Structures are given as C-alpha cells and as structure tokens.
1. If you compute Rg/Rh (Cα atoms, Kirkwood Rh) for the structure shown, which of (1) 1.03; (2) 1.06; (3) 0.98 do you land on?
2. Give the carbon-plus-sulfur fraction of the accessible surface of the chain in %, rounded to a whole number; probe 1.4 Å, heavy atoms of protein chains only.
3. Average the reciprocal distances over every distinct pair of alpha-carbons in region 627-690, invert the result, and give the Kirkwood radius in Å.
4. Taking the simple approach of a point 7 Å from Cα along Cα-to-Cβ for both Asn317 and Tyr706, what is their distance in nm?
5. Run the paramagnetic zone check for Leu630: 7 angstrom along Cα to Cβ, then residues of region 232-250 with backbone nitrogen under 17 Å.
6. Can you give the Rg to Rh ratio for region 411-518, taking only C-alpha atoms and Rh from Kirkwood?
7. Between Lys476 and Glu351, how many nm apart are label points set 7 Å from Cα along the C-beta direction?
8. For Leu723 paired with Arg246, estimate the spin-label separation in nm (one decimal), with each label point 7 Å from Cα along the Cα-to-Cβ line.
Amino acid sequence: MKRQTEGRLEEWTEGRMEGRPGTEERLWTDGRAERLPRWVKAQSRAALAVVLTLSLLSRFYRLAEPPHVCWDETHFGKMGSYYINRTFFFDVHPPLGKMLIGLAGHLTGYNGSFSFLQPGQHYGSHPYVGMRGFCAFLGAWLPPLAFLIVQQLSRSVVVALLASLLLLLDTGCITLSQYILLDSILMFFIMAAVFSMVMFQSCSCRPFSAPWWLWLALTGVNLAGAMGVKFVGLFVIVLVGVNTARDLWRLLGDLRISMNVVVRHVAARVLCLILLPLALYALIFVIHFAVLNNSGPGDGFFSSAFQSRLIGNNLHNASMPEYLAYGSVVTLKNVRTAAGYLHSHWHLYPEGVGSRQQQVTTYSHKDYNNLWRVMKADAECDIEFTPEFVHHGDLIRLEHKATGRNLHSHQREAPLTKKHLQVTAYGTNGTGDSNDFWRIEVTGGKSKVKVLRSQIRLRHLSTGCVLGSSGKTLPKWGWEQGEVTCSPYLRETPSTLWSVEDHENVRLPNISVSILKPTFLEALAESHIVMLRANSGLKPKEHEVTSKPWHWPINFQGLRFSGVNTTDFRIYLLGNPVIWFLNLGGLVVYMVLALCAAVSLQRGVSLSSEVMDVFTLLLEGGGQLMSGWLLHYLPFFFMGRVLYYHHYFPAMLFSSMLTAVTFWSLLQLGAAILRPSCRGAVCAVGMTLLSMTLLYSFYLFHPLAYGMVGSLADAADSPMAGLRWMDSWDF
C-alpha cells in the first residue's frame with residue numbers, strides 16, 4: 001500500500017513537472033482532478049476580471065485624500081522629484097522604484113518643484129495624484145496575481161478567489177498601495193516573479209517551446225525588477241532558485257532524458273534566471289547614472305572620484321596634481337559613509353574634555369578650514385624646490401593651513417568614544433612635538449598616493465593608534481560636527497580610511513580629474529557598498545515607531561501615516577485584524593496538516609483518492625507558499641538595522657495565499673468523512689461563511705485605510721469605537 005501511495009504522489013508530481021498532456025487543463029474540485037470544461041475556463045476569466053475591477057476600485061477610491069504628504073512620501077516623492085530635475089541623491093535602496101515614481105510624475109504633469117519637506121505639508125496645486133495613481137495601479141494587481149498563482153497551484157477557481165479576497169479586503173495592503181511608496185512596486189514584482197515561475201512550471205510538458213521560453217524569461221525580468229526596487233527582492237530570487245534547483249534535480253534523475261537535454265535545461269535557466277536579471281539590473285543603474293548627472297545632496301556619501309562625474313560638483317572637470325607630494329595643500333575625506341572632511345578651527349576643547357587644545361572634527365561641507373599642508377615629519381617649513389612625492393610608510397606631519405597647528409594625538413580619552421584617544425591640533429606655525437608625527441599607509445600596497453583614488457591610513461607614531469571618524473556627533477561646543485578619534489583597534493574599516501580630494505601644489509603639473517573618473521563597474525560596486533553600509537547602519541529616529549519581527553504576524557502595532565488629533569484626517573497602517581489573525585491560525589493549521597500528510601505518505605497509510613489529492617496539494621502547492629513566507633520573514637530576525645511593520649507585507653502575501661489553500665484543504669478533509677452528496681454543500685457553506693466574515697471585517701476596519709475624522713477610537717461616537725482590540729493599536 002505504501003508503494004501504491006508513493007507511486008500516486010510521484011505520478012502527480014511528474015505530471016506537473018513533465019507536463020503530461022492535459023495537465024494544465026485540470027481543476028481541483030471536491031478533491032478530484034477533473035478535466036476543465038470550457039464554461040469553467042470562461043468562469044475563471046470572469047472571476048479574474050471581477051477581482052481586477054474590484055481591486056482597482058478599492059485602490060483608487062479616495063486616492064487624492066489626504067491632499068498632503070503622508071509618512072514616507074516625504075522621501076520617495078522627493079526622490080521622484082530628483083529624477084525629474086536630474087539631481088543626484090542617495091538612498092539605501094536600488095533605484096528602480098524611485099525612477100518609476102519620477103517617470104509617473106513626469107508623465108502626469110508634475111515638474112519636480114514640490115519640496116516634500118515633511119509629513120503634513122499640503123500639495124497645493126502640485127499634481128501629486130499621478131504618482132500615487134501609479135503606485136495604486138501596481139498595488140491593484142496583487143489580488144489578481146494571487147488569484148492566478150493559487151489557481152495554478154491548486155487548480156481551483158474557488159481557492160483562487162479566496163486568496164484574492166484575503167488581499168483585496170486587507171486594509172494594510174490598500175494603505176500601502178495608495179501613497180507614493182516603494183512597497184506596492186516591490187510586492188508587484190515579487191508576485192509577478194512567483195506567477196511567472198508557476199506558469200513556467202506548467203509549461204514543462206513543452207520544453208523549449210515559445211510559452212516555455214516566455215515564462216522563463218519573464219521570471220528573470222521580474223526578479224530583476226524586485227531586486228531593483230529593494231534588496232528584499234533577494235528573497236524571491238532565493239525562492240525561485242530553490243525551485244529551479246529542485247526542478248533540475250528531478251530532470252537529472254529522469255533517465256528518459258539525455259544529458260545533452262539536461263545541459264540545455266541548465267543553460268536556459270542560467271541565461272534567463274541569472275544572466276538576464278543581471279543585465280537588466282545593471283541597465284537600471286546605467287539609466288540611474290545617466291539621468292542623475294547633476295550634483296546634489298547625495299554627493300557626500302560617495303568617494304571624491306565618484307563626485308568628479310557630477311556636473312556642478314567642484315571636482316567636475318577640475319584639474320590638479322595626480323600624486324601627493326610634500327608641500328601639497330589637501331583636503332582629506334573619510335571613506336566612511338557621509339563622514340565628511342578632516343576639519344579644524346580656532347575653538348578649543350572645553351574644560352574636562354581631554355586637553356584644552358584646538359578641536360579637530362569632521363565636517364560635511366566644503367570649507368577653508370578643511371585644508372591641510374603635508375610636511376615632512378622631521379623638516380621645517382622649507383620644502384625642496386624639486387617636489388618629492390609622498391610614499392607608503394613615510395612619516396609626515398599635517399599642518400592646518402588656517403591656524404598653523406599640527407594634527408596631534410596623545411594619551412587622553414576622546415570626547416565621546418572613551419576607548420579611543422583624543423585628536424587635537426597643537427603647536428605654533430608648524431612647530432609642535434613628536435606627537436604630531438603620523439605614518440602614512442596606502443591600502444593595496446601601492447607606493448605613491450593618488451588623489452581621489454588611493455585610500456590611506458594615518459597611524460600615530462607615538463601611540464600606534466589610527467586616525468578615524470567615530471560617526472558620533474559632538475555637542476554644541478563642537479558645533480555639532482563629527483567626532484575624530486585615534487582608534488587603538490587596527491582593523492581596516494571605512495572609518496579609518498581617508499582619500500585625498502582637493503590637491504594644490506604649484507611645483508607639480510596638473511592633470512584633468514576626468515581621467516580619474518570611475519568606470520561604470522567601479523561606480524556600480526561603490527554604489528552597492530555605500531547602500532549596504534548605510535542600510536545595515538540605519539538607526540531609529542527620535543519618536544519613531546519601530547517594531548520587531550515577532551510583532552508582525554500578530555498585527556501587534558501599526559504605523560500612523562497621517563494625523564494625530566481629532567481634527568486631523570487620520571490614516572493608520574494596520575492589516576485587517578480578522579485576516580491577519582486568520583493568517584496566523586492558517587500557518588499553525590498548515591504545519592499540522594502538512595506534517596500529518598508527510599507522515600501518512602511516508603508510512604504508506606491507506607488513503608482515499610480525495611484525501612490523497614488534498615495531501616498532494618498541501619505538500620506541493622502549499623509547500624511553495626510556505627517556503628515563500630519563510631524566506632520573506634525569517635531573515636529579518638538576523639538583521640541589525642532598524643525594522644518597521646511594513647517590512648512584513650511581502651511575507652503576508654504568501655501567508656494569505658497559504659491560508660486559502662489551508663482552509664480549502666481543511667474543508668475538503670472534513671467533507672471527506674461525509675456522504676458524497678453532502679460534501680459540495682459543506683464546502684460551499686464554509687466558503688460562504690468565511691467570505692461574509694471577511695466582507696464584514698472590511699466594513700468595520702475600512703476607515704483605517706480610507707481615513708478617519710472626529711473622535712479617537714476610545715470615544716463612543718468614533719467610527720472605530722470598540723475596534724481597538726489591542727492597546728498597542730494607536731488610532
């Protein structure tokens with residue numbers, strides 16, 4: 001009996017993988033696989049059309065309200081404006097989402113002139129609805145894509161309708177879709193990638209046919225889209241990769257297929273799922289760099305060489321000596337993200353903060369006080385007429401041009417970072433002591449220091465510590481500039497690396513800085529290094545509502561998008577509680593059912609055809625959705641960056657689709673113990689009751705998404721009276 005059961009599971013699986021004739025036209029109905037008649041196909045198309053229509057209506061309803069900036073529109077609307085104005089900026093996410101928002105704004109008449117200063121700022125006469133409408137349009141495709149994915153996995157229109165209903169009526173999905181945000185764009189590409197993947201699997205009976213190539217290529221295109229919006233897109237890439245590896249492993253084990261055909265399968269997937277997404281992802285950055293060619297607020301996050309390519313930057317088309325020499329006047333820029341330039345000024349450290357010597361800080365802006373003269377450690381101010389280049393390992397002294405004092409360190413604690421040593425400026429007209437000597441170290445083992453390109457460390461001769469930027473901001477006595485310390489920890493980190501930016505030396509010939517501009521691949525690599533560093537270092541702002549991953553599935557706490565007081569138009573991001581609690585229960589029930597199914601099949605338990613079909617659906621279709629949920633949720637537990645509630649929504653998509661499959665399977669298993677004549681009625685009643693419950697819950701909680709005015713939830717006359725089920729819900 002065990003062999004018979006395993007044979008049936010293998011037969012069903014091979015039918016999906018090898019695509020036996022007619023497999024793509026089968027429908028799961030009452031637990032039996034039946035031929036899909038034409039009228040059912042028409043019914044499926046009609047159901048999909050209804051879902052799409054309702055989804056569009058729900059996302060575009062009251063789209064213009066409120067007519068002011070809400071939550072992170074202040075960031076992504078502003079970034080869309082930067083694209084329209086071709087002004088370079090920096091963000092921790094890849095550029096595709098912001099580029100699309102900017103394009104949508106441009107096509108709908110927005111000229112990029114709105115400032116997006118802060119939440120609550122009124123748009124006035126600026127046409128903002130076009131950018132919101134683009135995000136809403138992509139968000140409106142989430143329920144239809146869920147319908148198509150679940151229908152393909154379950155072969156049931158009913159299950160597909162339930163999955164789409166869970167996303168259609170979720171207040172959180174509606175809210176994230178109605179504003180100028182990246183979330184709906186990201187979720188669209190994630191769902192499109194999964195849909196393309198399951199459609200490709202359905203074409204496995206016709207390998208290398210036109211539909212087979214189409215869906216495989218579309219999977220790669222959507223993977224590039226997801227990764228191009230946010231790095232979270234990497235999770236769906238892993239999901240597709242796992243499924244691809246499983247498919248290829250099964251093909252390798254099919255002895256009816258020659259190795260030549262297997263190699264062709266591997267090559268096709270490498271082409272469409274690796275090379276094509278990489279090419280499209282690189283193309284996104286080609287467009288990004290080409291459009292944002294003017295200097296802007298993002299310059300300071302990047303290296304001096306990168307800045308030289310930006311029109312309006314002081315390094316653009318500049319000329320300076322190529323290699324550093326003694327007597328040169330330079331500015332030193334810290335490699336750490338947005339750390340700034342090595343800076344000093346006439347002000348001293350206050351009493352009780354190390355020695356009362358001249359302050360040394362980092363400063364983000366161009367300033368005369370950023371200039372330092374490079375001198376020999378053991379020489380006076382006189383420099384030989386013939387210029388002498390600075391080499392790796394040389395002992396140097398850095399004399400502050402404005403004050404004539406030397407860069408200095410000693411055995412005193414730094415102002416804020418107590419395990420580091422204080423850095424000051426000391427001496428008179430270049431005359432100080434041996435604590436002014438620094439050994440220059442060029443990374444990569446190169447001998448001479450090349451402006452803009454070389455990265456150098458300055459090791460203090462007396463103490464052995466390394467000059468660096470701690471990233472901390474000094475108090476008002478330090479003009480709220482960055483703290484500079486001498487670190488006893490000799491690890492090579494960006495905070496202890498510096499590059500020479502401005503360079504003046506009348507004894508050296510100048511070269512055009514344009515020859516030092518980074519290549520595209522170098523700019524691409526630097527952009528990702530900066531993005532990943534900034535992303536991992538994100539910290540919560542004051543009074544900002546953050547959350548932890550374990551909060552998300554239980555819908556513990558939402559986010560206020562707009563309004564605080566009773567007179568405000570209030571929007572609150574919170575998932576429909578009934579749907580989210582149902583999803584939470586669905587995860588638990590699925591794990592129990594899947595475990596029972598796996599054990600029963602492994603032990604060869606005698607199963608009816610109805611139960612066998614349900615178990616197969618749970619393990620195959622449900623297994624893919626469960627994998628999607630795990631891959632889009634568990635990685636957040638290992639992230640050190642600040643996290644927010646909206647990070648869970650990609651995982652919520654998979655959870656909702658899994659809930660539909662689990663609920664239908666539970667109904668089918670319950671109906672299997674009844675007389676055949678009663679089974680259809682039981683399933684129909686169960687689906688109807690659940691659908692009515694979801695509709696009523698949406699009626700209760702829809703003000704969260706579409707706006708609340710008047711009393712808060714604690715008041716009896718509030719539209720949300722009695723619906724604040726958890727104290728952590730702040731509406």
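The values are calculated or read from the model by the stated rules, or taken from the named source; none is laboratory data. These numbers were taken from a predicted model, which means no experiment stands behind them. Counting neighbours? That spans all protein chains shown, and the Cβs are built from the backbone with ideal geometry, glycine included. For the accessible areas, the whole protein counts, side chains as well, though only heavy atoms, and no ligand, DNA or RNA atoms are used. Shrake-Rupley method; radii C 1.70, N 1.55, O 1.52, S 1.80 Å.
1. So the structure-derived entry is (2).
2. Percent of accessible area from carbon and sulfur atoms in the chain: 61.
3. Details: mean 1/r = 0.0707 Å⁻¹.
Computed over Cα pairs of region 627-690, the Kirkwood hydrodynamic radius comes out at 14.1 Å.
4. 5.6
5. 235-247
6. 1.00
7. Going from the Lys476 label point to the Glu351 one covers 1.8 nm.
8. According to this spin-label approximation, the distance is 3.9 nm.
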